[in-house]
Each structure stands twice: as structure tokens, then as C-alpha cells.
1. Give the number of residues within the stretch 12-34 that are assigned to a loop (DSSP other than H, G, I, E, B), open to solvent by less than 10 Å² (accessible area, probe 1.4 Å) and farther than 22 Å from Tyr100 by Cβ.
2. Suppose we keep only residues that are assigned to a helix (DSSP H, G or I), in contact (Cβ under 8 Å) with a residue 40 or more places away in the chain and open to solvent by 20 Å² or more (accessible area, probe 1.4 Å) within the stretch 61-120. Which one would you say is farthest from His135 (Cα to Cα)?
3. Across the stretch 169-185, what is the total count of residues that are open to solvent by 30 Å² or more (accessible area, probe 1.4 Å) and under 27 Å from Glu147 (Cβ atoms)?
4. So, of the residues in the stretch 200-214 that are over 15 Å from Val155 (Cα atoms) and without any contact (Cβ under 8 Å) to a residue 12 or more places away in the chain, which turns out to be most open to solvent (accessible area, probe 1.4 Å)?
5. So which of Leu51, Leu56 is open to solvent by 10 Å² or more (accessible area, probe 1.4 Å) and free of Cβ contacts under 8 Å to residues at least 40 places away in the same chain?
6. I'd like the full set of residues that are in contact with a helix residue (DSSP H, G or I) (Cβ under 9 Å, 6 or more places away or on another chain) and open to solvent by 10 Å² or more (accessible area, probe 1.4 Å), limited to the stretch 131-147.
7. Would you call Asp188 touching a residue at least 40 places away in the same chain (Cβ under 8 Å), of a type in the set (Asp, Glu) and surrounded by 15 or more Cβ atoms within 10 Å (Cβ to Cβ)?
8. Looking at the stretch 169-178, is at least one residue within 22 Å of Gly32 (Cβ to Cβ), of a type in the set (A, V, I, L, M, F, W, C) and not in a loop (DSSP other than H, G, I, E, B)?
Amino acid sequence: MINIKQFVFNPFMENTYVVYDDNKNAAIIDPGCYEGYEQDELVNFIKAEGLNVEQLINTHCHIDHVLGNAFVKDKFGVELYMHEKDLPILEAVPTYSAAYGFANYQPTQPDHFIKEGDIHKIGDIEFEVLFLPGHAPGHIGFMNEAERVFIGGDVLFDGSIGRTDLPGGDHDTLISSIQNKLFKYHDDVKVYCGHGPETTLGKEKATNPFCAIK
């Protein structure tokens, strides 16, 4: 069974996820924790649940999703998984972090690159890796069709889509990623978004003003 705990961190109101199996093996996805109290909130949950954090994953590497990378790597002794095409996005963060108010941002480097078609395991949980560029050049999402769970970063939101005006973004590419890849899965797949509430693929197929299938 897939267990998911959501946290909302930093001024961008970014969703950080702890995903874990029934044996308490866990991954932290897109850690946005920057302030000490945010880091404490994450650690306290992991301690309370008795989780064994085995890995760190970035769906993509915009600043709001990587603020806690260094903290998580150091605190739990884990390695970072991401898509190779988002490496320039990650490496650019220190050039603008202070301007966004994050003067103490600590840069990190990936340890493993994952790509479309990989089966990525978190403990006993298997996710299919989907390559979904458009919001970021190396954006990936994690699909478990059996349990109808998709962890999608900033590709698709409840009634919206990821912005495409940042470096490496492209609107047409994002719409293609959503309609031609993501929307092929079942309507009842629950989407865990990078910002805002959860949604379902069926709802977005029918009603999303940016990418609904007419």
C-alpha cells in the first residue's frame, strides 16, 4: 500500500511529499523545507512514524522544490534522484536564491539520474517514471496505476497547469505532455500536485480550462 504525507513549505506554498510503504521504507519528494521550523516538522513526522528514509527525489529543480535538498541529504544520509535534463535548472538556483530571500540556500548535486520508462522503487512500491517536460525541461512524474496514484510535481494542478514562462518552459510541450502521456491513464488516478490540493485525471480531462480534452 502507498502511504503519502503532504507538507506545505516555503512562501511558494510548495507541496513536499513523504511516500512510504507498509514496512516504513520512505522517500522524500521535492523537499521545500527551508526554515528550521519546517525542517523540524518534517523530521518530527518521520520520527513519529518510525520511517526509514532511503532516498530523495526531485520531480524538477525549481527553487521552491529543492530548498531542502541539502538538509535532507545531510540529515538522513540519502542520495538524490532526478532527471538529467533538469541539471542546469538545479545548478542555476544559487545564482538567484538570495534575490528570492533564500540567502542561506545550500546547493546539492544529484547522485542518480532516472528517465522515462524506469521502474523506480520506494521500498516495496513500484512507480513508472514519466517524462513530462514543459514546465521544466527535465520534469518527471511517478505513476502507480494499480493503486491509482500519480505524484506529479508542477505539471498538472486542480483546474490549472504549471507555468511555462520560466527558463526551459514551453507551453505547447507541457500541453502535449499532459494530453498525450498523462491523460492516457485512468480517470480515477489521484494526482498529488506540487502546489494546491489533490485532483484526479478524470476531473482535469473534463474541466481543466488549459488542457481538457474537448
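1. 1
2. Phe76
3. Total satisfying the criteria: 5.
4. So the residue we want is Lys214.
5. Leu51
6. Phe131, Pro133, Pro137
7. Spelling it out, it is not the case that Asp188 is touching a residue at least 40 places away in the same chain (Cβ under 8 Å), of a type in the set (Asp, Glu) and surrounded by 15 or more Cβ atoms within 10 Å (Cβ to Cβ).
8. Yes: the stretch 169-178 contains one or more residues that are within 22 Å of Gly32 (Cβ to Cβ), of a type in the set (A, V, I, L, M, F, W, C) and not in a loop (DSSP other than H, G, I, E, B).
The values are calculated or read from the model by the stated rules, or taken from the named source; none is laboratory data. As the structure is a computational prediction, the values presented were derived from the model and not from experiment. Here the Cβ is made from the backbone with ideal geometry for all residues, glycine too, and neighbour counts use every protein chain on show. Areas reflect the complete protein model, heavy atoms only, side chains present, ligands, DNA and RNA absent. Shrake-Rupley method; radii C 1.70, N 1.55, O 1.52, S 1.80 Å.
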